[in-house]
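These notes concern the structure reproduced below.
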Amino acid sequence: MNLNNDYISQVFKQKKLLNRVIIFVLAVFVLALNYNIFIVPNNFNIGGTSGLAVIIKELFNIKESLFILISSMILLIISYFTLDKKQTYRSIVGAFLYPFFISLTEPLANYLIPYLSFSNILLTIILGGTLLGICTGLIYKTGFTTGGGDIIIKIINKYNHISEGNSQFIANGIIILLGSFVFGFQNLIYSIIVILISALFVDRIILGISQSKMFLIYSKKSNEISKFILENMGTGVTIFDTEGGYKKEKRKMLMVVVSTRMYYLIKETILNIDKDAFLIISDCYEVKGGVKKKDYSII
C-alpha cells in the first residue's frame, strides 16, 4: 500500500481528534458528577451558568440541568450571530452534553453522597475545587468548551474591549455576588476558595508542572558565570549580545535552563560570583533539545 504524506497526516489528525473527543467526554462526565456531588448539595457558586443554576434552583425550584440546557441553547444562538461561528460549533456538543450528564449522573451522585459527606467542610471544598479544576483544564486542553459561561465571557470581551481574564472576573463576580445574597456571606467565602483551587489546577493541567527554571543573567562577570555553569551545572548556556537602554553599555546576557532542584544552588553561586548580577528567573514548563550532561559534577 502506497502511503503518501497527506494520507499519513490525515490519519494522524483523525487519531488525535479521537483522543481529544474521548478525553473531552470523560472530563465532562466527571465534571457533571462533581457538580452533583460537591457543588449543588453545598450550594457552592462557581460562576457561569452552573453557578447561576444553583441560585435559580434555590429561588424558583427549577432543576439545574434544565436551566443550564435552556440557557446554553439561548447563548449558542447569540454566539452564532455575534461571535466566531467556529467557536460556536466547538461549543455545541459540550453545551448539550454537560446538562445531559448532570441529569444522567444525578442518581449515581445521590448514591455516593452519603459516602462522600465530610464533617470538615474544608475537605469538601478541596475535593470539589480540585475535580472542577482538573476537568475544566482537560476540557480547555481538548479545544472544546461546554458553552454557557464561556460564551458570556467572549461576548463581554468582544463588545467591551476587555480582556478575557477581566471579562471572566466581571461575569463570574456578578453571579457569585448574587449567590451571596441568596446563600449568605459564609457561602460566598467557600465559593471563592473553590474557584481559586479550581483555577490553580486549570493552570497546571494546561501548562503542566514546572520542572525547570530559566535564568536570564546580566553581569559584568558573565565569562566566569558561564564557565561555572558549563563545567558544573550539567547544561549549556546561550549568550546574547545586549545593550543597556540607559547607559548604552554593551554587555553579554546569559540564558540557562536548569532543573528546579538546582534553582537555589545556581542562584546563590551566581550572586557569589557577582553580588550585583541582574537575574530574571521564571518557571519553564517544557524544554526540548539543547545540550545537557547526564550527571551534575557539583553534587
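Nothing in this text is a laboratory measurement; each read-out follows from the coordinates by a stated rule. Note that the coordinates shown come from a computational prediction; the quantities given were computed from them, not determined experimentally. Neighbour counts run over all protein chains shown; Cβ positions are idealised from the backbone, glycine included.
The table for this structure:
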quantity	calculated
Using θ = phi - 60° and Karplus 6.51 cos²θ - 1.76 cosθ + 1.60, couplings along the range 36-44 (whole Hz; Gly, Pro as x)	6, 8, 10, 7, 5, x, 9, 6, 6
Cα long-axis angle, helix 5-34 against the chain (0 to 90 degrees, to the nearest 10)	60 degrees
Check: the range 5-207 dipole with +1 on Lys, Arg Cβ and -1 on Asp, Glu Cβ, in debye	560 debye
Shape category assigned to the range 1-160 from the gyration tensor of Cα positions, a/c cut at 1.5	oblate
Hydrodynamic radius (Kirkwood) for the range 142-278, which is based on Cα pairs only, to one decimal in Å	19.4 Å
Distance in nm between pseudo-label sites at SER210 and ILE113 (7 Å out along the Cβ direction from Cα)	4.1 nm
Exposure proxy ranking, count of Cβ atoms within 10 Å, fewest first, for SER282, SER219	SER282, SER219
Among SER210, SER222, SER72: highest mean-square fluctuation, GNM of the chain, C-alpha pairs under 10 Å	SER222
Kirkwood-type radius of the range 29-122, with distances r between different C-alpha atoms, in Å	14.1 Å
DSSP-assigned coil residues among GluC sites (Glu not before Pro) in the range 180-287, each with at most 10 further Cβ atoms within 10 Å	GLU249, GLU286
Rounded tilt (10° steps) of 222-232 against the dominant C-alpha axis of the chain	80 degrees
Per DSSP, loop trypsin sites (Lys or Arg not before Pro) in the range 28-113 with at most 16 further Cβ within 10 Å	LYS63
Expected 222 nm ellipticity per residue - DSSP helices of 4 or more, -39500 (n - 2.57), all of the chain, to 500	-21500 deg cm²/dmol
Modelled FRET efficiency - R0 41 Å, GLU268 with LEU177, Cβ distances, 0.05 increments	0.35
Highest-MSF residue in the chain out of VAL93, VAL287, VAL21 [GNM, Cα springs under 10 Å]	VAL287
Overall form of the range 61-102 per C-alpha gyration tensor (a/c, 1.5; a/b vs b/c)	oblate
Relative contact order [Cα under 8 Å, 6+ residues apart], the range 212-284, whole percent	50 percent
Mean Cα-pair separation over length for the chain, i.e. relative contact order, pairs under 8 Å, 6 or more apart, %	19 percent
Of LYS247/LYS267; LYS220/LYS267; LYS57/LYS154; LYS221/LYS275; LYS221/LYS252; LYS63/LYS141, those spanning more than 19 Å from alpha-carbon to alpha-carbon	LYS247/LYS267; LYS57/LYS154; LYS63/LYS141
Gyration tensor (alpha-carbon) shape descriptor, the range 89-217, a/c threshold 1.5	rounded
Inter-site label distance for THR238 and ILE280 at 7 Å from Cα along Cβ, in nm	1.2 nm
At most 11 other Cβ within 10 Å, DSSP loop - trypsin sites (Lys or Arg not before Pro), the range 186-293	LYS247, LYS248, LYS275, LYS288
Square roots of 5 times each gyration tensor eigenvalue, C-alpha, the range 212-284, largest first, Å	20, 12, 11
Karplus-derived 3J(HN,Hα), 6.51/-1.76/1.60, for each residue of the range 183-196, Hz, glycine and proline x	10, x, 5, 4, 5, 4, 4, 4, 5, 5, 5, 4, 5, 5
